[in-house]
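The values are calculated or read from the model by the stated rules, or taken from the named source; none is laboratory data. Not measured: the values here are computed from a predicted model. Note: ideal-geometry Cβ built from the backbone for every residue, glycine included; neighbour counts use all protein chains shown.
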């Protein structure tokens with residue numbers, strides 16, 4: 001059982017002991033710290049915070065605890081109920097709210113939940129803001145409201161529809177072209193809120209939807225991370241239904257993966273590549289992803305005359321670099337699409353609508369679309385080290401060893417070779433080095449990973 005306190009939020013397993021897990025007392029503690037921080041940002045007569053949740057079993061309990069804690073601080077709450085992470089992100093500025101909280105543990109299994117914290121723009125807090133909230137949580141400085149100054153809860157369950165309306169009204173989404181294509185799509189929403197949002201969006205675009213695990217009851221039928229080894233059911237059903245493709249989302253609907261018409265994975269890394277290809281084909285611009293994402297995005301960006309840059313791993317870091325470089329699209333290789341035209345957050349609804357438009361305009365199959373992009377293969381490994389070893393020193397030695405290559409130390413050590421790359425990152429909680437490699441064949445990527453791991457072990461003396 002685990003409780004992880006980080007700058008990006010509070011994540012843990014339900015049940016167990018206070019301080020070791022995400023118990024009701026921990027939920028109140030950190031919601032109190034967040035609410036107090038919100039009130040410290042600006043002095044005003046009324047504060048408003050948007051709160052929504054995914055469909056996991058503990059969600060309703062957690063949401064009631066969090067909302068009523070905010071009420072106790074004198075903060076008015078807009079209750080979105082069952083929602084998605086991107087929907088809450090969009091609702092914050094639309095409500096002119098001071099922040100937002102999403103109750104979701106993203107792709108973690110059902111025993112997990114989390115408080116994801118947003119600022120007044122509907123964006124995740126930066127490191128400094130997150131650290132301040134953790135500091136407040138451990139202090140005795142939180143002051144609650146008098147009885148006459150308690151906040152109120154207002155229920156508003158319209159925001160998924162408002163989110164969809166914003167997408168359908170966008171110049172980037174061609175609803176008529178998608179309707180004319182007569183797509184048939186299977187949707188696996190792992191029995192969470194994507195089962196509400198994604199079919200509703202697709203049906204509004206004239207798509208025939210076959211629902212698989214779209215009942216938002218929190219009983220995840222498989223591991224909710226949208227990886228190939230977890231998606232046998234939808235791969236099979238796409239073929240059985242003679243569907244054009246499949247859509248898979250995680251429980252809070254910020255990660256998006258596709259299955260082609262043959263029942264094969266399109267590749268999570270290629271979700272962003274395909275959508276960026278569509279956007280860059282309409283408007284020249286720059287792109288950003290993180291250092292552990294596929295080189296294919298760089299290739300597609302340069303094909304369209306734009307500039308690609310890589311950030312440190314983490315959505316906040318991607319967003320920061322996107323703003324600095326005025327990138328018109330970006331995201332992460334885990335299927336996260338960030339399109340600033342809507343908001344600075346990963347959004348599977350936006351991604352699905354743009355992908356559908358792209359496919360409708362090209363008039364080809366999903367497998368044919370995948371063949372248009374550079375073929376890269378990725379490998380993800382880790383080396384467990386003994387606690388007394390200095391992980392930072394090992395990374396410095398690897399940096400020196402490859403000083404003649406293109407090396408980035410923005411986040412660990414990323415070594416770009418002419419035809420492949422390796423990214424080495426240390427864990428923040430364990431003596432582990434994570435090794436990500438990418439190359440143009442499975443054999444090449446495996447050989448590169450083996451070579452790098454042997455070199456690390458030699459430096460570490462293990």
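Of the residues in segment 417-433, at least one is farther than 19 Å from residue 332 by Cα, crowded, with 21+ Cβ neighbours inside 10 Å and under 28 Å from the mean Cα position of the chain (by Cα). Residues that are surrounded by 14 or more Cβ atoms within 10 Å (Cβ to Cβ), within 26 Å of the chain's Cα centre (by Cα) and not in a helix (DSSP H, G or I) within segment 144-161 comprise just one, 156. Of the residues making up segment 397-451, those that are touching a residue at least 12 places away in the same chain (Cβ under 8 Å) and in a helix (DSSP H, G or I) are 397, 398, 399, 401, 442, 444, 445, 446, 448, 449. Confirm whether residue 15 is at positive phi, surrounded by fewer than 20 Cβ atoms within 10 Å (Cβ to Cβ) and in contact with a strand residue (DSSP E or B) (Cβ under 8 Å, 6 or more places away or on another chain). Yes: the conditions hold for residue 15.
What are the residues in segment 312-331 that are buried (at least 19 other Cβ atoms within 10 Å of the Cβ) and modelled with pLDDT of 95 or more, if any? Those that are buried (at least 19 other Cβ atoms within 10 Å of the Cβ) and modelled with pLDDT of 95 or more: 318, 319, 321, 322, 327, 328, 329, 330, 331. Residues in segment 228-260 that are out of contact with any strand residue (DSSP E or B) (no Cβ under 8 Å at 6 or more places or on another chain) and surrounded by fewer than 24 Cβ atoms within 10 Å (Cβ to Cβ): 229, 230, 232, 236, 239, 240. Take the residues in segment 19-60 that are free of Cβ contacts under 8 Å to residues at least 40 places away in the same chain and in contact with a strand residue (DSSP E or B) (Cβ under 9 Å, 6 or more places away or on another chain), then tell me which one is surrounded by the most Cβ atoms within 10 Å (Cβ to Cβ). My answer is 26. For residue 436, all conditions in the list (1) over 13 Å from residue 292 (Cβ atoms); (2) modelled with pLDDT under 95 hold save one; what is the number of the exception? Result: residue 436 fails condition (1) only.
Here 129, 95 are screened, and the one residue that is at pLDDT below 95, under 26 Å from residue 149 (Cβ atoms), out of contact with any helix residue (DSSP H, G or I) (no Cβ under 7 Å at 6 or more places or on another chain) and in the same structural domain as residue 52 (by TED's automatic domain parsing) is 129.
Does residue 153 count as in contact with a strand residue (DSSP E or B) (Cβ under 8 Å, 6 or more places away or on another chain) and in the same structural domain as residue 34 (by TED's automatic domain parsing)? So residue 153 passes the test. Counting only residues that are in contact with a strand residue (DSSP E or B) (Cβ under 7 Å, 6 or more places away or on another chain) and more than 19 Å from residue 387 (Cβ to Cβ), which one in segment 441-462 is surrounded by the most Cβ atoms within 10 Å (Cβ to Cβ)? Per the stated criteria, the residue is 452.
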